[in-house]
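Colleague: Before I ask anything, here is the structure I am working with.
The values are calculated or read from the model by the stated rules, or taken from the named source; none is laboratory data. None of the values given here were measured: they were computed from a predicted structure. Reconstructed Cβ throughout: ideal geometry from the backbone, glycine too, with neighbour counts over all protein chains shown.
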Amino acid sequence: MSNHLLKRSQIKLFESIAVLVIFFFLVAIGLRIYGGYELHALEEMQVQFSTLDSIKTSLLLLSLPELTCTVYSLDRGSCIDLYKAHAFAELTLAHGDHYYDKFRDSLIVLEQIEPSPFTITLYNESGELTGSFRYTPVPVSIWNPVRRYYGLGILHVYVQVIQ
Amino acid sequence: MIQSRRGVADQQFHWIFVLIAGAIIVLFFISVIISVRTNVDRRMNASFLETLDTILSGAQAAEDVIMTIRSGSRSSFEYYCDPQILVAEVAMTGTALARQNTHRILFSHPQVQGGDIFLVTRSIAMPFRIDNAVFMSDPSTIYIVVGSSTDIGATLLYDLLPDTFPKRRLESTDFSGIDQLLRGYKRGVVIVSGNIAIGPQALRDYPVNIMYVNFYNRDTSPLYGQVEFYENSEFVSYEFLTDTMLLGALVTADSSTYRCVLERIRSQAIMLAELYMKRIELLQPHVEERCKRVYASIVTEIRDLSEILARPLDQTRPFAASGGEAMQKITDINREVEFYSCPIIY
């Protein structure tokens, strides 16, 4: 009789332990799913941040006094002065470290489409585009202060994505 | 009898087991909730820091921006500018979260409270535009300008401070009544116009930063002079060359932060001076003779300004007066360039 009682108690104990094991197993599965979701959210956040970085670089370029055109001492939006662009290209070659803080590992090219197409590499610290880069094209007008006309151009901005 | 005792012991063991298992489950859930909350807080803080950085970038791209942003977090911020490498960063207090502020000119007190954050942008021109400077403050900081209503310097200082920043004028020259002005604020920045000779010791028991401003000129543009920060019972003085730089000194209210941001402005100004000289060199072969003559004189002036700006900040009166004069000359020649219908310099 006492053996029977002991067995019943043991069975009850095992039942309780089994319930706990299943419970923690389910909790572990839940946590794993939650962890996966969190990881996915973090990856999405990283993509969002790198996109923002690329937009910020483009925004910075369009307000950079080294490039923007001035007409009667006023800055014009989305406009690049041709002679400033040439001077800036020389400056970034000579003082790359000064501009590295601003543009990091990126490639910035100004392309005039109309009239008389040409390209100027404004900044190049891209290591020939090895690694992952985010590309942002920005339409701009290019002011030629000598011949006094606006050209149509695109600012090609490649910003390295930090993994 | 023995069976009954065993039954009681068995039931007691059962309850103890249930209690221990229950306590473990409760502790487990508490730890899960705490870690989830910490993660959410961390993510919110990181997201806000990134948002702040984006807002700063947007604000910097435009002139005369006035905005208030809500952090959604009570965490305060620390602003630090490294004087050696001239890199500044905004960090969240008590966390490892920080965002380097490598390319913008940001003036902020080293401590900024969470909650609402005031942002204002102003253009820095020397005389060509260097950049748009961003000024950051919070509602718990009050700016108190000491000086009578007839004091032109005090009026200039008061008007220079953005209207969104809490600011008051204190007419009493002995600092009486300052405790009333500080009520409801965590920190005060006391700005004394150079005309008043009051010792900073009178304010040693108040949570304030004290500075004295001396103008070398008041009627002409650009505004230039000297700011003296009273820190650790000593005066540390630096010069300012434009009203934007002066506002920067008032907002930072800290000599080392101001010096660091000032160095960044100087290096940016020197770089731009070089750019404009290169641009003139490239323009020279394509312009008419009358333009070439004016260009030759402006190159000399830009070179002079660049040399003045390169002088060490520790010198007495290193650049403000001579820099101000050089800036005025460049402005005049640029007007002349416009008059002759030549491509303008800046």
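Colleague: For residues that are touching a Ser or Thr at 6+ places or on another chain (Cβ under 9 Å), assigned to a loop (DSSP other than H, G, I, E, B) and over 21 Å from A:Leu64 (Cα atoms), scanning just segment A:114-163, find the one that is modelled with the lowest pLDDT.
Modeller: Here the residue is A:Gln163.
This table checks each residue for (1) free of Cβ contacts under 8 Å to residues at least 24 places away in the same chain; (2) small (Gly, Ala, Ser).
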site: A:Ala28; (1), (2): yes, yes
site: A:Pro65; (1), (2): yes, no
site: A:Ala85; (1), (2): no, yes
site: A:Leu91; (1), (2): no, no
site: A:Tyr123; (1), (2): no, no
site: A:Gly127; (1), (2): yes, yes
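Colleague: Another question about this same structure. Provide a single number: the residues in segment B:268-295 that are more than 8 Å from chain A (Cβ to nearest Cβ) and either more than 22 Å from B:Ala310 (Cβ to Cβ) or β-branched (Val, Ile, Thr) (or both).
Modeller: 12
Colleague: Anything in segment B:237-270 that is in a loop (DSSP other than H, G, I, E, B) and either among the basic types (Lys, Arg) or modelled with pLDDT of 90 or more (or both)? List them, or say none.
Modeller: The answer is B:Ala253, B:Asp254.
Colleague: Further question on the same structure: Does A:Leu60 satisfy the criteria of being in contact with a His (Cβ under 9 Å, 6 or more places away or on another chain) and within 11 Å of another protein chain (Cβ to nearest Cβ)?
Modeller: yes
Colleague: Still on this structure: In the set B:Ser341, B:Ser306, which member is within 14 Å of chain A (Cβ to nearest Cβ) and on the phi > 0 side of the Ramachandran plot? Give the derivation first.
Modeller: On the way: B:Ser306 fails: on the phi > 0 side of the Ramachandran plot.
Criteria check complete, one pass: B:Ser341.
Colleague: Only one of (1) within 30 Å of B:Val18 (Cα to Cα); (2) more than 10 Å from every other protein chain (Cβ to nearest Cβ) fails for A:Leu20. Which number is that?
Modeller: It is condition (2) that A:Leu20 fails.
Colleague: Does B:Arg122 satisfy being part of a loop (DSSP other than H, G, I, E, B) and under 14 Å from the mean Cα position of the chain (by Cα)?
Modeller: Working: part of a loop (DSSP other than H, G, I, E, B): no; under 14 Å from the mean Cα position of the chain (by Cα): yes.
So B:Arg122 fails the test.
Colleague: Can B:Tyr346 be described as touching a strand residue (DSSP E or B) at 6+ places or on another chain (Cβ under 7 Å), within 12 Å of another protein chain (Cβ to nearest Cβ) and over 22 Å from B:Pro83 (Cβ atoms)?
Modeller: yes
Colleague: Would you mind finding the one in A:Gly30, A:Gly36 that is part of a helix (DSSP H, G or I) and within 30 Å of the chain's Cα centre (by Cα)?
Modeller: Result: A:Gly36 is the single residue among A:Gly30, A:Gly36 that is part of a helix (DSSP H, G or I) and within 30 Å of the chain's Cα centre (by Cα).
Colleague: Condition first: within 11 Å of chain B (Cβ to nearest Cβ) and either more than 9 Å from the chain's Cα centre (by Cα) or over 30 Å from A:Tyr135 (Cβ atoms) (or both). Now tell me which residues in segment A:39-56 satisfy that.
Modeller: Residues satisfying the conditions are A:Ala41, A:Leu42, A:Met45.
Colleague: Where in segment B:133-235 are there strands (runs of 3 or more DSSP E), lying wholly inside it, with at least 1 residues that are surrounded by fewer than 16 Cβ atoms within 10 Å (Cβ to Cβ) and of a type in the set (A, V, I, L, M, F, W, C)?
Modeller: none
Colleague: Is it fair to say A:Ser106 is among the small types (Gly, Ala, Ser), over 20 Å from B:Glu274 (Cα atoms) and within 14 Å of chain B (Cβ to nearest Cβ)?
Modeller: Answer is yes for this residue.
Results for (1) crowded, with 21+ Cβ neighbours inside 10 Å; (2) outside any loop (DSSP other than H, G, I, E, B); (3) of a type in the set (A, V, I, L, M, F, W, C), shown as yes or no for each residue.
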residue	(1), (2), (3)
B:Glu274	no, yes, no
B:Lys278	no, yes, no
B:Ala296	no, yes, yes
B:Gly324	yes, yes, no
B:Ile333	no, yes, yes
